[in-house]
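A.B. asks: This is the structure I want to talk about, given as C-alpha cells.
Read-outs throughout are calculated quantities, based only on the coordinates presented, and are distinct from any laboratory measurement. Just so you know, these numbers come straight off a predicted model, no measurement behind them. FYI the Cβ positions are ideal-geometry reconstructions off the backbone, even for glycines, and counts take in every protein chain you see.
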Amino acid sequence: MNDVQNEEPAVAERETLRCQLAVIGGGAAGLMAALEATRRGLDVILLDRLDDLGGNAARAAGHAAFESVEQRNRRVSLTKEGVYQAMMELSDWNANPSLLSRFVERSAEVVDRLLELGIHYDKVIAIDPVHQLTTSHLPTGRMRAVVDVLSTELERRGVRIYRGFRAEQLEVAAGSVSAIVARNNVGAELLIQPCAALIATGGYAASPKLMRRYAGLAKTPSAGNGADTGDGLALAAMAGGHASSLIGAVLVAATTNGRPLTDDISCACVQPTLWVDGSGRRFCNEALALALYRAGDIVARLNQGFAWSIFDQSQIDKLIHSGARRGMGSAILPGTKLTKLRVQLEEDLAGGETAFRADSLEELAGLIGVELEPFINEVSQYHEACAEGVDHRFFKTHNLDPLLHPPFYALRMEATALCTTGAIEVDEFLRVLDHYGNPVGGLYAAGNDAAGPWGKTAITTIGGAPAGFALTSGLLVAEHAAGWCHRH
C-alpha cells in the first residue's frame, strides 16, 4: 500500500466539499460508521483531529459482543436476554431500554463484519472471571488491528479521509444539518455540506474542566490520546442538542503514576496489600481491587487524588515468581508472573517520585511524606488483623499479609480515566435530540459521545463494553443515516 499521506485528498487553504455523510471522529464508532455507510452506497467524508486514526479504541484490548459466532464456537453459555437484564440492573434501570436492546441485539453483526475483513480472534474471555461475563472478544493484534483493517478498507473504497482536521462549527438550517467547518493546525479550512453528520469524537475524559463538571473528578488524568476533550458536546450544542441528564459515567483505573496500564509495575501497585492515603491512613478493604476498576474508583475520590501501596520483599518476590492475584485487563491476567517487575521497579526507584524502598517502615514513612505515628499505628492495627485472620475495620477476610520482611516498598497509585461513556442525549436510533426531545435532522452521535446504554454507571462487568458499543453504534448510525440520505 502506498504512503497514506500520498493518498489523502489535497486541501487548499479553503475548500468547500459536499457529501452525504460526514463522520467527525476516526475512532471505532466513526470508522465502522464510515465503512458501513460506504457499503450502503453513501458518499462519506471522515475527519479526525489527529493524524493517526483509531482514537482511544486503538489502545483497547477487545470489544464486547453477545451470542456471536466466536462465542458459539467456544461454547460460551451467554444469552442476549441475560446480558440485557444484567446491563439494565447495573445501570440502576437508567439505561435507555430501546437503545440498549439494539446494542445487545446487533453487536454480533460487528464480529461478522470484522471476520469478513480478515480479523481473527485469539479468545473470548471474562477479564475478571469472578465479576464479569464472558463478552470480551480479543482480536489478534488487539483493537489496533481492528482500527488498521477498517482504515485500510476505507482507503481501498476511496473514502475521503482528512487527518489533522478538527471540526469547530456545526450548523443547522431548517431543522437539519447543513454545514461543518473544520480546520487544521496550519490554517487550512474545510467547509463541508453534508446531508447527515455523525459526532463520534470520543467523549470528554481529557478535559479537566468537563471531568470536574460532570463526573466530579478534578484530579484524574486521562489515559487516552488526549483528543477526547468534549468536542462532541460542543458541536451538539451548536446544533441544538444537549448533554444527557445522566452524563457522568467514567471508566476509571488505577496505575502507577506515569506508567502504562499494561506495565508489570502498574499491575503490582493495585494488588490487595496494605494501602494508605496521603496522610498515611488506610481507607478501604484493599481486596476490592480484585474487582476490576474498583481501585480506580475509590482512589479517584480521595482528597489527595492518590494512595500508596505498601509491600515487603516477600510480597514483591511472590508477584515475580508466583504471579499476580489481580490482573490488569487482558494484558495481564490473574496469575501472570510479573517477570518485568524487578527492572521496572528499579527504574521507578531511581526516579524518586513514584516508588520508594527503605529498610524500615519508619524510614519509608519519611520517604513518602506521611505522618509517622498515624502510619505506624495503621500498620500495627493491620498486623493485628492479619494475625486474627479478619479485619474488623474494613471487613477484609482474605489477602491479609503482614509486612515482616524488609526492605519495604511504597508504590504511588493514582486514578486514571480510561474513557467517559455517555454524553449527548440521543434516541434509540442515535439521533441527537434537542431540548424538546425532537431529533435534529440528519445529526447522530455514537460511541462515547452517545448517552443511553449505561445510565450513569460505567458497566465494568461487561468486558469490552465501550469498544463494543462504539462499533455497534457506528453500524446502527450508518443504517439509519442511509435511509435519511436516500429520502433527502
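A.B. asks: Rounded, prolate or oblate, given the Cα gyration tensor of region 410-469, with a/c below 1.5 counting as rounded?
C.D. replies: Working: a/c = 3.18, a/b = 2.47, b/c = 1.29.
Prolate.
A.B. asks: Counting other Cβ atoms within 10 Å, keep those with at most 14, restrict to DSSP loop, and tell me which chymotrypsin sites (Phe, Trp or Tyr not before Pro) in region 80-178 are left. Show your work: numbers first, answer last.
C.D. replies: Numbers: sites: Y84, W93, F103, Y121, Y162, F165; in loops: W93, F165.
Passing sites in region 80-178 are W93.
A.B. asks: May I pose another question? Once amide H atoms are placed 1.01 Å from N in the peptide plane, what residues at a sequence separation of 5 or more from V432, or on another chain, have their amide H within under 5 Å of its amide H?
C.D. replies: When sequence neighbours closer than 5 places are left aside, the close amide H contacts are V440, L443, Y444, A445.
A.B. asks: For K318, give me every one of the lysines with a C-alpha distance below 26 angstrom, ignoring sequence neighbours fewer than eight places off in its own chain.
C.D. replies: Partners within reach: K337, K340, K396.
A.B. asks: Just to check, using Stokes-Einstein with a Kirkwood Rh over alpha carbon pairs, what's the diffusion coefficient of region 271-337 at 37 °C and 0.692 mPa s in µm²/s? List each step's numbers first, then the result.
C.D. replies: On the way: Rh = 12.6 Å.
Estimated via Stokes-Einstein, D reaches 260 µm²/s.
A.B. asks: From the Cα gyration tensor of region 145-187, with a ≥ b ≥ c the square roots of its eigenvalues, which class applies: rounded if a/c is under 1.5, or else prolate if a/b is larger than b/c, or else oblate? Mind dumping the intermediate values first?
C.D. replies: Working: a/c = 3.01, a/b = 1.67, b/c = 1.80.
Oblate, because a/c is 1.5 or more while a/b does not exceed b/c.
A.B. asks: Hey, quick one: spin label on T16, modelled 7 Å out along Cα-Cβ, who in region 170-207 has an amide N within reach, i.e. under 11 Å?
C.D. replies: 191-193
A.B. asks: Tell me what the chain gives for mean residue ellipticity at 222 nm when only DSSP H runs of n ≥ 4 count, each as -39,500 (n - 2.57), the sum divided by the residue total, rounded to 500 deg cm²/dmol.
C.D. replies: Value at 222 nm, helices only, nearest 500: -9500 deg cm²/dmol.
A.B. asks: Next up: Which is the longest part of the chain that has none of the GluC sites (Glu not before Pro) sitting in a DSSP loop with at most 16 other Cβ atoms within 10 Å?
C.D. replies: Working: sites that count: E13, E353, E371, E428.
No qualifying site falls inside 14-352, the longest such stretch.
A.B. asks: Reported to two decimal places, what Rg/Rh ratio describes region 9-50 when computed on Cα atoms with Rh from the Kirkwood expression?
C.D. replies: Details: Rg = 11.0 Å, Rh = 11.0 Å.
With Rh from the inverse mean 1/r over Cα pairs, Rg/Rh is 1.00.
A.B. asks: Return an integer: the convex hull volume of the alpha-carbon atoms of the chain, in Å³ per residue. Could you put the intermediate results ahead of the total?
C.D. replies: Working: hull volume 73.0 nm³, N = 488.
It comes to 150 Å³ per residue, whole-number rounded.
A.B. asks: Here's another thing I want to ask about it. Using r as the Cβ-Cβ distance of F394 and T140, and R0 as 51 Å, what FRET efficiency do you calculate, to the nearest 0.05? Intermediate values should be presented prior to the final figure.
C.D. replies: Numbers: r = 42 Å, r/R0 = 0.81.
Efficiency, rounded to the nearest 0.05: 0.75.
A.B. asks: Working out 0.36 nm times the residue gap between L288 and E428, then minus their Cα-Cα distance, what length gain in nm do you get to one decimal?
C.D. replies: Numbers: separation 140, 0.36 × 140 = 50.40 nm, distance 3.48 nm.
Taking L288 through E428 to full extension adds about 46.9 nm, to one decimal.
A.B. asks: Based on the alpha-carbon gyration tensor of region 1-127 and its eigenvalue square roots a ≥ b ≥ c, which shape applies: rounded if a/c is under 1.5, prolate if not and a/b is larger than b/c, or oblate?
C.D. replies: prolate
A.B. asks: Another question, if that's okay. How large is ³J(HN,Hα) for each residue in region 386-399, as worked out from phi by the Karplus curve 6.51 cos²θ - 1.76 cosθ + 1.60 (θ = phi - 60°), to whole Hz, x for Gly and Pro?
C.D. replies: The phi angles translate into 4, 5, 7, x, 8, 9, 6, 6, 10, 6, 8, 10, 9, 6 Hz.
A.B. asks: Counting Lys +1, Arg +1, Asp -1, Glu -1, what net charge surrounds E13 among other residues with beta carbon under 15 Å of its beta carbon? Working shown, then result.
C.D. replies: Numbers: positive: R14, R183; negative: E15, E189.
With Lys, Arg at +1 and Asp, Glu at -1, the neighbours total 0.
A.B. asks: About the Cα centre of the chain, how large is the charge dipole given +1 on each Lys and Arg Cβ and -1 on each Asp and Glu Cβ? Please answer in debye to the nearest 20. If you can, show how the numbers build up before the last one.
C.D. replies: Values: 44 positive and 57 negative charges, 160 e Å.
Using only the charged Cβ atoms, the result is roughly 780 debye.
A.B. asks: In the chain, with Lys and Arg counted as +1 and Asp and Glu as -1 at Cβ, which of these residues, L400, G422, A60, has the Cα nearest the positive end of the dipole, that is, farthest along it?
C.D. replies: G422
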